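Here the structure is laid out as structure tokens; the discussion comes afterwards.
The values are calculated or read from the model by the stated rules, or taken from the named source; none is laboratory data. Computed from a predicted model, the values in this text were never measured in an experiment. Here Cβ is always computed from backbone atoms with ideal geometry, including for glycine, and neighbour counts include all displayed protein chains. Ligands, DNA and RNA are excluded from the accessible area calculation, which covers all protein heavy atoms including side chains. Shrake-Rupley method; radii C 1.70, N 1.55, O 1.52, S 1.80 Å.
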Amino acid sequence: MQAIWRTEWIHEYETPWSIFEKLSFANRTSRGNIFKYAANSCEKNKNNPKKDERKIDLFSLKSFDESILEMIFGVNLVKFTQQSLHSLTIPLHSHRYPVTSWFSKHLRWCSECISYGHHSWLHQFKLLDYCPFHNTKLKETCPKCEMNIPFIFSNRFFGDAFSCKCGFQFADFSNILWEKWDTKFKIVDPATLHWLSKTNNSEGIRTLFSPESASLNILSDFQPYVSMKSFTQDNNKILIDDFYYSTQFNKDLYNNNVNTFQTVNRYLRKNLLRNHSNCIKQFWQLLKSDGEEFPDICPYAYAYVNWRKTLLKTERFYSSDTRSSVVARSGGRHGYELLTNAITDDIKLLLEEYVLSSKGKQVNKDTLVWIQEQWSYRFSLAFFYDCLKYANDILLHGKKHTDWDKILMSTKANFKIAFKYQEIEGKRAEGINFKMYYENTANTKIPKHQCPNHSLRRKRAISKMKSYLPARISIEYPKNYELINYVSSYIKKHDY
């Protein structure tokens, strides 16, 4: 294959995606033709009726012939990619996650970089949300079709070179062609430069975080810690099996999580929501006056009730008792479980990482409790602020019920927390020091929503209203089908 190509078009940490896109554009050829020529013998012999829709992995490039790629590009693209991934993940080699788990499975790009035909592994690196070359927020969805685009070599999700299947162009090179493709960019982000300079951990400090909830900012040495606690190694030790199989130990963790949630709940009710207790009661207990429609919902109450329902994954938003907390475990399960059900798996993965890193040694039970406490407390608060931010908009515009789950996922995507710990050897006893690092991305400024019950008269009126919970009206008004249907319709509108 005689191809138009220059080795200076490949830059440090560049992904195969932009390299292939440049090859496609410069030679006016399709991805299908590129793969047809550069695929290995195994791929060429496959009988695939939809060859143009194949999804080719860009991490390993295992579907390509290594020697053919080297002949086209003048560099061994497979080794170049492996070296880039290895270099970026050197500080992570002690973690049990596979290398690919630290990189996004959908395309993330910088508009400035891509205008020069450049896309970096740093853009795909989950620990970065901003381009380290331009300090601009990375884009993750196509502006036209508003979809995530899988990070693969495929015609199924991409159109012409540097364009989405929907027609959106990441960059337009129709006039300038490849004039700017040899432009080199300098990393200006201090956290990224510090990360790339790390080679080993000579101080014995270990890190604990997940690929989804950390950032280079909070992992950098110049980032101050938010909380610190020291533990002795000779007390409250447990075996690894206890984490998975001990009913009593998991019950203790569950009860700690209940206490953490109740702490957050009390803080919200007594501080941020102290003027909206009647509003919460009205929406939560389905209160209304006889012969009238349900009153307007207070945005603060709407945010609180749906925050609680989504975080705890309760079946219904309404309840007969607004003061009680759901504290009972599920019953049949004996493994790890939390009251804050929506974040159970997230915290479990983090605790598993810590337990397994001990390599068979016993771990201090109190450290697990503290990690769980820090994570759940800060996430619960961050999620409430996000719920409050959007509550009024959902009420006004009648958005679909799935918005609450989307808000939860958005909070998770922006939630950044990490731990650093170090074992200390002393004359009397061994210990372990923990530090927690947290990047508060939530907007903690309370929005000024219009509460329909701000007047004293409206608040007093709520105390005179009756509850129209389904169980109650089925007993008191068993044949009032109009009322039953009305209440059911109201619940369906606000439940999910």
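Taking into account only those residues within the range 199-217 that are aliphatic (A, V, I, L, M) and modelled with pLDDT of 90 or more, which is surrounded by the fewest Cβ atoms within 10 Å (Cβ to Cβ)?
208
Scan the range 350-385 residue by residue and report those that are in a helix (DSSP H, G or I), open to solvent by 30 Å² or more (accessible area, probe 1.4 Å) and over 22 Å from residue 259 (Cβ atoms).
Across the range 350-385, the qualifying residue is only 356.
Filtering the range 309-324 down to residues that are modelled with pLDDT under 70 and loosely packed, with under 13 Cβ neighbours inside 10 Å, which residue is nearest to residue 284 (Cα to Cα)?
Here the residue is 321.
Do any residues in the range 269-292 that are over 19 Å from residue 464 (Cβ atoms) have Cβ atoms under 7 Å from those of residues that are of a type in the set (Val, Ile, Thr), where the two are at least six apart or on different chains, and which pairs are they?
From the range 269-292, the pairs are 272/446; 273/280.
Only residues that are touching a Lys or Arg at 6+ places or on another chain (Cβ under 7 Å) and open to solvent by less than 10 Å² (accessible area, probe 1.4 Å): list them for the range 117-133, please.
117, 123, 124
Where the second residue is part of a loop (DSSP other than H, G, I, E, B) and open to solvent by 30 Å² or more (accessible area, probe 1.4 Å) and the first is touching a residue at least 24 places away in the same chain (Cβ under 8 Å) and farther than 14 Å from residue 284 by Cα and lies in the range 479-496, which pairs have Cβ atoms under 7 Å and are six or more apart or on separate chains?
Sorted first by the residue in the range 479-496, then by its partner, the pairs are 496/401; 496/402.
For the range 288-317, give me the residue count where each residue is out of contact with any His (no Cβ under 9 Å at 6 or more places or on another chain) and among the hydroxyl-bearing types (Ser, Thr, Tyr).
So the count comes out to 3.
Looking only at the range 245-253, decide whether some residue is at pLDDT below 95, basic (Lys, Arg) and not in a loop (DSSP other than H, G, I, E, B).
Yes, the range 245-253 contains at least one residue that is at pLDDT below 95, basic (Lys, Arg) and not in a loop (DSSP other than H, G, I, E, B).
Is at least one residue of the range 5-27 surrounded by fewer than 18 Cβ atoms within 10 Å (Cβ to Cβ) and of a type in the set (Gly, Ala, Ser)?
No, the conditions are met nowhere in the range 5-27.
For the range 55-70, give me each residue that is open to solvent by 40 Å² or more (accessible area, probe 1.4 Å) and either touching a residue at least 60 places away in the same chain (Cβ under 8 Å) or in a strand (DSSP E or B) (or both).
Answer for the range 55-70, where residues must be open to solvent by 40 Å² or more (accessible area, probe 1.4 Å) and either touching a residue at least 60 places away in the same chain (Cβ under 8 Å) or in a strand (DSSP E or B) (or both): 55, 57.
Restricting to the range 447-496, count the residues that are among the hydroxyl-bearing types (Ser, Thr, Tyr), exposed (fewer than 11 other Cβ atoms within 10 Å of the Cβ) and under 21 Å from residue 316 (Cα atoms).
Summing the residues that are among the hydroxyl-bearing types (Ser, Thr, Tyr), exposed (fewer than 11 other Cβ atoms within 10 Å of the Cβ) and under 21 Å from residue 316 (Cα atoms) in the range 447-496 gives 1.
Inside the range 132-162, can you point out the residues that are in a loop (DSSP other than H, G, I, E, B), in contact (Cβ under 8 Å) with a residue 60 or more places away in the chain and touching a Leu at 6+ places or on another chain (Cβ under 8 Å)?
132, 151, 152
Say whether the condition of being more than 27 Å from residue 61 (Cβ to Cβ), at pLDDT 90 or above and within 26 Å of the chain's Cα centre (by Cα) is met by at least one residue in the range 171-185.
Taking every residue of the range 171-185 in turn, none turns out to be more than 27 Å from residue 61 (Cβ to Cβ), at pLDDT 90 or above and within 26 Å of the chain's Cα centre (by Cα).
Against the definition (basic (Lys, Arg), open to solvent by 60 Å² or more (accessible area, probe 1.4 Å), over 30 Å from residue 198 (Cβ atoms) and at pLDDT 95 or above), how does residue 266 come out, yes or no?
The answer is yes for residue 266.
Taking the stated definitions as given, is residue 76 out of contact with any Gly (no Cβ under 6 Å at 6 or more places or on another chain), farther than 28 Å from residue 148 by Cβ, surrounded by 13 or more Cβ atoms within 10 Å (Cβ to Cβ) and free of Cβ contacts under 8 Å to residues at least 24 places away in the same chain?
Considered against the rule, which asks whether it is out of contact with any Gly (no Cβ under 6 Å at 6 or more places or on another chain), farther than 28 Å from residue 148 by Cβ, surrounded by 13 or more Cβ atoms within 10 Å (Cβ to Cβ) and free of Cβ contacts under 8 Å to residues at least 24 places away in the same chain, residue 76 comes out as yes.
Give the residues of the range 288-308 that are of a type outside the set (A, V, I, L, M, F, W, C) and crowded, with 20+ Cβ neighbours inside 10 Å, sorted by residue number.
299, 300, 302, 304, 306, 308
Could you list all residues from the range 3-35 that are assigned to a helix (DSSP H, G or I) and small (Gly, Ala, Ser)? Outline the logic, then answer.
Just the residues of the range 3-35 that are assigned to a helix (DSSP H, G or I), to begin with: 7-9, 16-26, 31-35.
Of everything in the range 3-35, those that are assigned to a helix (DSSP H, G or I) and small (Gly, Ala, Ser) turn out to be 18, 24, 26, 32.
Residues that are more than 18 Å from residue 376 (Cα to Cα), in contact with an Asp or Glu (Cβ under 7 Å, 6 or more places away or on another chain) and not in a loop (DSSP other than H, G, I, E, B): does the range 196-215 have at least one?
Looking through the range 196-215, none of the residues is more than 18 Å from residue 376 (Cα to Cα), in contact with an Asp or Glu (Cβ under 7 Å, 6 or more places away or on another chain) and not in a loop (DSSP other than H, G, I, E, B).
Restricting attention to the range 325-349, and to residues there that are in a loop (DSSP other than H, G, I, E, B) and open to solvent by 60 Å² or more (accessible area, probe 1.4 Å), which single residue is modelled with the lowest pLDDT? Steps first, please.
Step one: filter the range 325-349 for residues in a loop (DSSP other than H, G, I, E, B), giving 325-340.
Imposing the further condition that a residue be open to solvent by 60 Å² or more (accessible area, probe 1.4 Å) reduces the set to 326-328, 330, 332-334.
Working: 326: 57, 327: 58, 328: 60, 330: 60, 332: 46, 333: 52, 334: 54.
Result: 332.
Quick one: how many residues across the range 101-111 are farther than 13 Å from residue 210 by Cα and either loosely packed, with under 15 Cβ neighbours inside 10 Å or of a type in the set (A, V, I, L, M, F, W, C) (or both)?
Total meeting the criteria: 5.
Of all the residues that make up the range 163-188, how many are touching a residue at least 60 places away in the same chain (Cβ under 8 Å) and of a type in the set (D, E, K, R)?
Adding up the residues that qualify gives 3.
Hey, among the residues in the range 134-145 that are within 25 Å of residue 24 (Cα to Cα) and more than 18 Å from the chain's Cα centre (by Cα), which one's surrounded by the fewest Cβ atoms within 10 Å (Cβ to Cβ)?
Across the range 134-145, the extreme among qualifying residues is 143.
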